[in-house]
Each structure stands twice: as C-alpha cells, then as structure tokens.
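Below is one structure; the comments refer to it alone.
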Amino acid sequence: MDRRRFLQVAASLPLASSSASSFVSPVHAESTPFDRSIVRQMARDAASKPFKAPDSKLPDNLKNLDYDRYRAIRFLPERALWRGEKLPFEAQFFHRGFFFAPRVDIYEVANGQATRIVYRSEYFSFGNTPPPSPEVDLGFAGFRLHAPINRRDYYDEVCVFLGASYFRAVAKGEIYGLSARGLAIDTGEAKGEEFPLFKTFWIEKPTANANSVVAHALLESESATAAYHFTIRPGEGTVFDVELAIYPRVNLDHAGLAPLTSMFFFGPNDRIDVDDFRPSVHDSDGLAIFNGKGEELWRPLSNPRDLQMSSFADLNPRGFGLMQRQKNFFAFQDIESNFEKRPSLWVEPIGDWGEGSVQLIEIPTKEEIHDNIAAFWKPKSALQAKGEHTYTYRLHWGPDTPKATALARFSRTGVGKRSDTKIFVLDLIGEKLKSVDPNTIKGNVIAEKAEIRNVVTQPNPATGGWRLSFELALKDKNPIELRASLMQGNDAISEVWVYRWTP
C-alpha cells in the first residue's frame, strides 16, 4: 500500500450537485444525550484499557476489492444528510472496502441528542459488485462535507475524513492536494510508524444561517487515544479550529502534533535523473516556519537519494506549514493534475506549546503517487502515560499563510552544476523590494563547513523582485547546511532561506 493512492481514492469519487429529484433521509438508530465532554470521557476510559483492533470484517464480495471496483461503489447524492433541508452543509458517506476496511461509526447530533446513522446498502450504487444483504449494518469508512463555496447553487466538496486519521480540505477555487492527520506516532523511526485511526465521529447539525459546522472524533491506536473537536469554516480560506486531548497508554517519546503529509517529486532545485515533460511535480514546494524568536524561515522541499530528517528547534512556535507557493500553470504544464491549484496548509498554534521542534521528513520516491513528505510539531518532552495532554490549533487551507508578511520571500529555488561548484539561483518577491535602493542591497549567505563564492544580487525585471545567486564549492560528499537572506545595510528585508544540500 502506498499513501498516495490511499489518499487519492476519496478525491476520485464523484461529487454531488445541490439538486435532486427526490430526498430520502438516512436511517437513524435510537438517540442518546450528547455533549463534547462525552468524547473526552470515552477517550479517557479507552486509554485505561488494552487496545482493541477495529472491526475490519467484511462480506466476502467486499474483502478483496481492487481500486476500480471500489471506486464504482458510489454514495447516492439524494441520500446526503440534510439534503432538502435548505441548510448550508450536506454530508455524504464512504463505503468500506479496498484500503478502507475498518468500521467507522458516524452520529448526527441535534438538540443535545446523538443518533447513529445506520448503514443501508440502498444508500449506494455498487457497479458490478453485488450489494451486501439489506440486513447487514456495516457502518461506514468515513465522510465528506459539502457546501456552496464556489457557487451559491452548487454544494462543492470542501473536506473529507477517510483512512486512518487522515483528512483533507480545499478553499474556494482549489482542488485536493496535501493532507492533515489527527496524530503521528513514531514517524520516521526505525521501528516503524504507528497509524492511529478515527474510530467514531459525531457531526453537529448546522443551523440555517451557519457558516461553520462542528465535528467531534474519537481516535484510537495501540499507544494512545484522543478526542477531537473540529470547527470547520469553508470559504476563500477554509479554516479548521482544532481542540485536541491526548491520553497516552504508554509514554509517547515520538508524538507528532498537527501532522501534515504531502508529495514532492521534482522541481527546479531537484531534477536529477528526471526525464519528464513537466518542469515541476509537487503538491507542496516548501516548509514555512514562523518561530518563537520572530524569525520567518523557508525550507524548499527535495526528493532525496536517502531519507532525510530535519529538526527546527523552537520555543512556542507561531506557525508552520507545507506550502504550495508556485501558482503558475507554466511552472507545471500539467492540464490534468493542476498542481497550481493545490492548497497550502498552515498550522497556527493557539496558546504556548512550550519547547520542541518542527520536524521535516523527506522520503525518496521514484513516482509521484507516493506521499513522501511529512511535517509536524514534536514536543521536547515525552507525553506521559495516564495523563491528559491538551492542545488547540487552527488549520488554514488556502493559497498562502493567513497573514501577509512585510518581509520579501523566496518564490523559486533553482540549483545547477557549474564546473566544480553547485550554483544556486534564488528568486525573491515582495512589495518591499519595489522601492529599495539597489545600492544598499546585499546577499547574506552562510554555509556550514563549506566555501561560498560569487554572491550576486540583482533586480529581476520579469518578476518585479530580486535574484540572489551564489556558488557552493564541492570539496567532499557530506551534506551541507545553507542559510541565505537579503539584507539592506544591517537589516534583513527577507525571510531566511534554509537548505540542506546533499550529494
């Protein structure tokens, strides 16, 4: 199983329009009282007991579905939750099968009561696969929410929760790209990664004038349980407010908070052994960090020969995210994948997260179907077993970071070879660069245990910005850490470009 295909299934399933000839509400089970404290209590209670593997049993005809047969099983739009009620949101559900065997229970919350939505085979069309018996209650694999963000008369798909603890979202005018996860455990560790999964969801019924919808989730894994409260607001930028409580069964030495997962195949900084008509292929082109010291960092992504792990130590980070800064079709030349329409995803911590580090993991890949990039916040101290660890943060899905910065920023990193050196060509853009005195601008480049030559700064009339270039002398085959910024006198007028060159 590769992560990329695992995540692409949801996006390949058909979307539903806002109109239907008939409406039949999904069947509900009996109702029980509900408030948000119940999910935390369930997570707390589950953490005190041994982990129980999810129910992954399926009827024989659903056990071994391939991609095409699973994709042919489609939720019927007229069965969408809240269809025909003139509410600002609708919900649709995913069938179990293929990579998505674990059962997920989904509840609707209304008037303080939680009511489980009962699976019925009649909610789906099955293509060439015989439907299960009408008496069988299989539960679901996940769900997706629809809202009219591009047109008032059409309910676009705005987010999907499907597979382990993965979820994705888009803002207005975008298509699916990178993913978020509920929790990462042992990512990048030699012993292998643990994949927690969302076991149960509770979706609150929105009011007629609501601009947000609330979903609660219970997460389970061998090492921990967790409770989530998502407030989802789609629009020009789609925002998730996330409230999280983690209850470890064991000490979590390698927990990853607000984990992000993306794909970088190649770009102008990394085209070694690439024979492709497209200039670039990636869902994200860099990691941006606003650290607790007030620095703004930009780390271009790469597809390394060997697995690379980078750690950016910090105290009370202001934000970090995997960004897709390149928004020009001609940078990709792909009329099917439309990488220029993929969202960036920015994590904004609410409150102080203490000491820790932003972790970046880059995994070698020879195909674009693999999600080979991961980023998350790793607390410095282990999350102790039998405790409660709470975090609040905001996820911004959209074209850029939620707040504009006064500093110029790096828009492109190009790397090539010149004799016995590597030449780096860095383009910067920003309003501040349009009015600076060219005689006061200089490039500041630092290399760890390496020689920098021929640092040149000059205006770039094609972009209205500036270009900073330099050469890196290659004396050995060890990785080299690089930092660069644009200076005006003694003041930095750009973010800090950080890069690891590897042979």
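GLY387 passes all but one of (1) within 30 Å of GLY465 (Cα to Cα); (2) open to solvent by less than 50 Å² (accessible area, probe 1.4 Å); (3) modelled with pLDDT of 95 or more; (4) not β-branched (Val, Ile, Thr); which number fails?
So GLY387 meets the others, but not (1).
Can you say whether GLU367 is in contact (Cβ under 8 Å) with a residue 12 or more places away in the chain, part of a strand (DSSP E or B) and open to solvent by 20 Å² or more (accessible area, probe 1.4 Å), as far as the supplied structure shows? Talk me through it step by step, then tell me what you get.
On the way: in contact (Cβ under 8 Å) with a residue 12 or more places away in the chain: yes; part of a strand (DSSP E or B): no; open to solvent by 20 Å² or more (accessible area, probe 1.4 Å): yes.
The answer is no for GLU367.
Which condition breaks for TYR107 when tested against (1) open to solvent by 30 Å² or more (accessible area, probe 1.4 Å); (2) at positive phi; (3) touching a residue at least 40 places away in the same chain (Cβ under 8 Å)?
(2)
Answer with yes or no whether GLU348 is assigned to a loop (DSSP other than H, G, I, E, B), open to solvent by 20 Å² or more (accessible area, probe 1.4 Å), closer than 24 Å to ALA169 by Cα and touching a Phe, Trp or Tyr at 6+ places or on another chain (Cβ under 7 Å).
In short, no.
Out of ALA164, ALA190, ALA171, I need the residue that is in a loop (DSSP other than H, G, I, E, B), in contact with a Gly (Cβ under 6 Å, 6 or more places away or on another chain) and closer than 30 Å to GLU362 by Cβ. Which one?
None of the others qualify; the one that does is ALA171.
How many of the residues making up region 280-310 are farther than 21 Å from PRO399 by Cα and free of Cβ contacts under 8 Å to residues at least 60 places away in the same chain?
3
Residue by residue through region 466-494, note down the ones that are open to solvent by less than 50 Å² (accessible area, probe 1.4 Å) and not aliphatic (A, V, I, L, M).
TRP466, SER469, PHE470, GLU471, SER485, GLY489, SER494
Does GLN359 satisfy the criteria of being out of contact with any Leu (no Cβ under 8 Å at 6 or more places or on another chain), surrounded by fewer than 19 Cβ atoms within 10 Å (Cβ to Cβ) and touching a residue at least 12 places away in the same chain (Cβ under 8 Å)?
Spelling it out, it is not the case that GLN359 is out of contact with any Leu (no Cβ under 8 Å at 6 or more places or on another chain), surrounded by fewer than 19 Cβ atoms within 10 Å (Cβ to Cβ) and touching a residue at least 12 places away in the same chain (Cβ under 8 Å).
Across region 298-313, what is the number of residues that are in contact with a strand residue (DSSP E or B) (Cβ under 6 Å, 6 or more places away or on another chain) and over 22 Å from ALA331 (Cβ atoms)? Show your work before the answer.
Initial filter on region 298-313 (in contact with a strand residue (DSSP E or B) (Cβ under 6 Å, 6 or more places away or on another chain)): 298-304, 308-313.
In the following step, the residues that additionally are over 22 Å from ALA331 (Cβ atoms) were identified as 308-313.
Summing the residues that are in contact with a strand residue (DSSP E or B) (Cβ under 6 Å, 6 or more places away or on another chain) and over 22 Å from ALA331 (Cβ atoms) in region 298-313 gives 6.
For region 303-334, which residues satisfy the criterion of being among the hydrophobic types (A, V, I, L, M, F, W, C), open to solvent by less than 20 Å² (accessible area, probe 1.4 Å) and in a loop (DSSP other than H, G, I, E, B)?
Across region 303-334, the qualifying residue is only PHE332.
Suppose we filter region 421-442 for residues that are in contact with a Leu (Cβ under 6 Å, 6 or more places away or on another chain) and open to solvent by 20 Å² or more (accessible area, probe 1.4 Å); how many remain?
Counting residues in region 421-442 that are in contact with a Leu (Cβ under 6 Å, 6 or more places away or on another chain) and open to solvent by 20 Å² or more (accessible area, probe 1.4 Å) gives 1.
Restricting to region 370-384, and then to whatever is open to solvent by 40 Å² or more (accessible area, probe 1.4 Å) and closer than 20 Å to GLU243 by Cα, can you tell me which residue is nearest to the chain's Cα centre (by Cα)? Explain how you work it out, then say what you get.
Initial filter on region 370-384 (open to solvent by 40 Å² or more (accessible area, probe 1.4 Å)): 370, 378, 380-381, 384.
Checking which are closer than 20 Å to GLU243 by Cα leaves us with 378, 384.
Working: LYS378: 16, GLN384: 26 Å.
If we take residues in region 370-384 being open to solvent by 40 Å² or more (accessible area, probe 1.4 Å) and closer than 20 Å to GLU243 by Cα, then LYS378 is nearest to the chain's Cα centre (by Cα).
Any idea how many residues of region 131-147 are touching a Ser or Thr at 6+ places or on another chain (Cβ under 7 Å) and touching a residue at least 24 places away in the same chain (Cβ under 8 Å)?
Number satisfying all stated conditions: 1.
With a cut-off of at least 1 residues that are touching a His at 6+ places or on another chain (Cβ under 9 Å) and within 28 Å of GLY387 (Cα to Cα), name the strands (runs of 3 or more DSSP E) lying wholly within region 28-115.
Where strands (runs of 3 or more DSSP E) fall fully within region 28-115 and carry at least 1 residues being touching a His at 6+ places or on another chain (Cβ under 9 Å) and within 28 Å of GLY387 (Cα to Cα), they are 105-110.
Go through region 454-499 and count every residue that is modelled with pLDDT under 95 and basic (Lys, Arg).
Summing the residues that are modelled with pLDDT under 95 and basic (Lys, Arg) in region 454-499 gives 2.
State all residues of region 458-503 that are closer than 14 Å to LEU426 by Cβ and of a type in the set (D, E, K, R); if no residue qualifies, say none.
ARG467, GLU471, ARG483, GLU495, listed by residue number.
Could you tell me which of the residues PRO50, PRO33 is in contact with a Gly (Cβ under 8 Å, 6 or more places away or on another chain), farther than 24 Å from VAL158 by Cβ, modelled with pLDDT of 95 or more and open to solvent by 40 Å² or more (accessible area, probe 1.4 Å)?
Numbers: PRO50 fails: in contact with a Gly (Cβ under 8 Å, 6 or more places away or on another chain).
Residue meeting the stated conditions: PRO33.
Which of the residues that make up region 260-296 are in contact with a helix residue (DSSP H, G or I) (Cβ under 8 Å, 6 or more places away or on another chain), buried (at least 24 other Cβ atoms within 10 Å of the Cβ) and of a type in the set (A, V, I, L, M, F, W, C)?
Correct list: MET263 only.
Are there any pairs, at least 6 apart or on different chains, whose C-beta atoms fall under 7 Å, with the first in region 413-442 and free of Cβ contacts under 8 Å to residues at least 40 places away in the same chain and the second surrounded by fewer than 17 Cβ atoms within 10 Å (Cβ to Cβ) and assigned to a strand (DSSP E or B), and if so, which?
GLY416/ILE423; PRO438/PRO459
Just checking, does region 121-132 include any residue being under 29 Å from the mean Cα position of the chain (by Cα), within 16 Å of LEU65 (Cα to Cα) and surrounded by fewer than 17 Cβ atoms within 10 Å (Cβ to Cβ)?
No, region 121-132 contains no residue that is under 29 Å from the mean Cα position of the chain (by Cα), within 16 Å of LEU65 (Cα to Cα) and surrounded by fewer than 17 Cβ atoms within 10 Å (Cβ to Cβ).
Being of a type in the set (S, T, N, Q) and either under 18 Å from the mean Cα position of the chain (by Cα) or outside any loop (DSSP other than H, G, I, E, B) (or both) is the filter here; which residues of region 259-302 pass it?
THR261, SER262, SER284, SER302, listed by residue number.
Quick check on this structure: which one of PRO206, PRO248 is open to solvent by 10 Å² or more (accessible area, probe 1.4 Å) and in contact with a strand residue (DSSP E or B) (Cβ under 9 Å, 6 or more places away or on another chain)?
Working: PRO248 fails: open to solvent by 10 Å² or more (accessible area, probe 1.4 Å).
The unique qualifying residue is PRO206.
Can you say whether GLY84 is of a type outside the set (Phe, Trp, Tyr), open to solvent by less than 50 Å² (accessible area, probe 1.4 Å) and in contact (Cβ under 8 Å) with a residue 24 or more places away in the chain, as far as the supplied structure shows?
The answer is no for GLY84.
The values are calculated or read from the model by the stated rules, or taken from the named source; none is laboratory data. Here the structure is a predicted model, which is why all the values come from computation and not from measurement. FYI the Cβ positions are ideal-geometry reconstructions off the backbone, even for glycines, and counts take in every protein chain you see. Note: accessible area is taken over every heavy atom of the protein model, side chains too, but ligands, DNA and RNA are not part of it. Shrake-Rupley method; radii C 1.70, N 1.55, O 1.52, S 1.80 Å.
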